[in-house]
Structures are given as structure tokens and as C-alpha cells.
1. Using 0.36 nm per residue, how much length does the chain from residue 219 to residue 53 gain when fully extended, once their Cα-Cα distance is taken away?
2. Quick check: residue separation of residue 153 and residue 42 times 0.36 nm, minus the Cα distance between them. What number comes out in nm?
3. I'm spelling it out carefully: the read-out is Rg and Dmax of the Cα atoms in Å, the candidates are [x] 19.9, 61; [y] 32.9, 137; [z] 20.3, 65, and one was derived from this structure. Which label?
4. Once the piece of chain linking residue 184 and residue 34 is laid out straight, how much longer is it, given 0.36 nm per residue of separation minus the C-alpha distance between them?
5. Could you go through the stretch 20-37 in sequence order and give the Karplus-derived ³J(HN,Hα) for each residue, using 6.51 cos²θ - 1.76 cosθ + 1.60 with θ = phi - 60°, rounded to whole Hz, and x for Gly and Pro?
6. Work out the length of the dipole vector of the stretch 1-138 about its Cα centre, built from +1 on the beta-carbon of each Lys and Arg and -1 on the beta-carbon of each Asp and Glu, and round it to the nearest 20 debye.
7. Among all stretches of the chain without exposed trypsin sites (Lys or Arg not before Pro) (DSSP loop, at most 11 other Cβ atoms within 10 Å), which one is longest?
8. On a C-alpha basis, how far is the centre of the stretch 184-229 from the centre of the stretch 92-150 in Å? Whole number, if you could?
Amino acid sequence: MAPGSKSERSGDPMVATLLTWFLPGAGHLYLGQVTKAVAAFVLIEGLYALGWMLSGGRAFEFLDPELRGLFATVLTPEIGNLGAMIAQVRYVGFGNGIPSPFSDTIHWGSFLCALSGIGNVCWMVDAHLSARTPSRAKGSGLPPGLLIFAAWAFPGLGHFLQGRKLRAVLVCALLLGLFVLGTLMAEGSNLSRERHFYYWSGQFLLGLPSLLAEVLSGRPPVTGELSLGDVGLLYASMPGLLNVLAMLDVHGVAEKRWFASPKESAPSPSGAQSLGGEVSG
């Protein structure tokens, strides 16, 4: 199955993607996929609403005052759910300027809002792919949006689900190794969005390992000078950015298999797999 021509598509892929970016489910509703539209809206906006409630909408107050501005929240995971992020900036913003204690649940709320952004990116991928898939046709293999979420949740998991086990191991070992090294060098100071707002955003792209490390560490306080603190922050956030490349790699193969025939989309045996992923010939 090849990507559908304009006459075979259920809608414009770019329009579906942009609608989903601004309002989860809107792109699928535009494509006539009501069930998916409702599921996307309830799940993604529900996560953001719960996160907003737990954090009081104050997570952006973590940002240092001198860095606050019109586009200050663009480099955050919440940007994936554009409409909700704009609403938070519009109605809550960076607080009223009067210092007050954060709630005990603000970190959980911040995490859920960020997760909403990542989740909506996966729905955007699904909307774009659904628009390109010929009407009444069914793609082969696992949906790319699901595989991208798996690749975010745990480094290498997306590759593993595609049967690319060698690459999965290499991605997992490299990214987790860099994150552990960076965390040790920073002595755990990287494990707090309140302390390092933008570094945390990069670190968040590593998925659940970074979040579990933060929860289990209890966000240790800084009690002295950190000789390797800056280098540690770089090393701890770098794996998240590299994981974006891994997610793109997963998406490329997933899309190729989605539009392939069932025989062509079958994963290669792990023993015949090269470092590059797919086996040629």
C-alpha cells in the first residue's frame, strides 16, 4: 500500500496535524474519526487539566524571572499541547510576582502537563498518517504514533518492538549511560525542574528513566559547590535530545512498514540485522 493520492485521502495531513497540535482530537474529528477524536481529547486534555490542578498552574513559575518572556515556554514539553499551554500562559503565566510556597504536588502536576505535550505529539503523528492512508485501507505493523511514545517512554523500546533488537540495546545503553554519568557528575542537582527549568525539559525527553530517578532521589538539595555541576547538567540533558533522533529513526521505519505490504513489513530476524536497522536485499 502506497500513501494515498489527494483524491484518496480523507483530509489534508498538514491541516489534521495543526488542528491536533492546537486542540487534541480536532484533527481526527476533521478526518471523520470520531472515536479517536474523543479518546485524544479526553486523554490529553485530561492529563493537562489534572496537572494544572495539582500544580495550581504554577509550574512556569519555576523559570528564573530574568528568563521569562513571550516565548519563554516554547522550549518546554508542554508546547506539544499548544492550546492548553497558551491557556496556561494567558490565565496563569508566571504568577503575580508575590512569592508564596509551592504546593506539595506541584512537581507531579508539572510532570502530567509535560506528559500531555509528549502524548499529543504522538496523536499528531497519528493524525498526519491517518490523513495520508487511503480510505478503507489498513496499514501494516504497529501504528507509528504508538511506537514513538514507546521510544520516548524507555530508550530503545520503540526499536525493540520493531524487532530491531541490536539497535535497541545500543540506544538504551548509550542514552542511559550518559544520563547516569551526568547525574553522578551533577550530584543529583539535575533532578529538579524547579532548579534547572530548561535542562529538565531536555532531560524529560529521555522518558520514564529520568522521572523515576527524580522521584527516587527525592530531588536532593545542593549543599556545597559542585565542581562538575555544569558538565553534569549537559551530560544529563543530552540523552533526551539524542532520544529525539532515536524517535525519528523509529518513526521512519514504522512509516515505511505501515505503507508496505504485509510481506514487506515483516521485521527482519534479529540475527540478520545490521547496525543500520533494516536488512537490504
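The numbers here are math on the coordinates, done by the rules we state, and not lab data. Here the structure is a predicted model, which means the values were calculated and not measured. As a convention, Cβ positions derive from the backbone with ideal geometry for all residues, glycine included, and neighbour counts pool all protein chains shown.
1. Working: separation 166, 0.36 × 166 = 59.76 nm, distance 2.17 nm.
This chain segment gains 57.6 nm when fully extended.
2. Details: separation 111, 0.36 × 111 = 39.96 nm, distance 2.04 nm.
Extra length from residue 153 to residue 42 when fully extended: 37.9 nm.
3. Of the labelled values, this structure produces [z].
4. Going from the current span to full extension adds 49.3 nm.
5. 5, 4, 7, 9, x, x, 5, x, 5, 5, 4, 7, x, 9, 5, 4, 5, 4
6. Values: 9 positive and 9 negative charges, 126 e Å.
That gives a dipole near 600 debye.
7. On the way: sites that count: 6, 136, 138, 263.
No qualifying site falls inside 7-135, the longest such stretch.
8. If you average the Cα positions of each part, the centres end up 22 Å apart.
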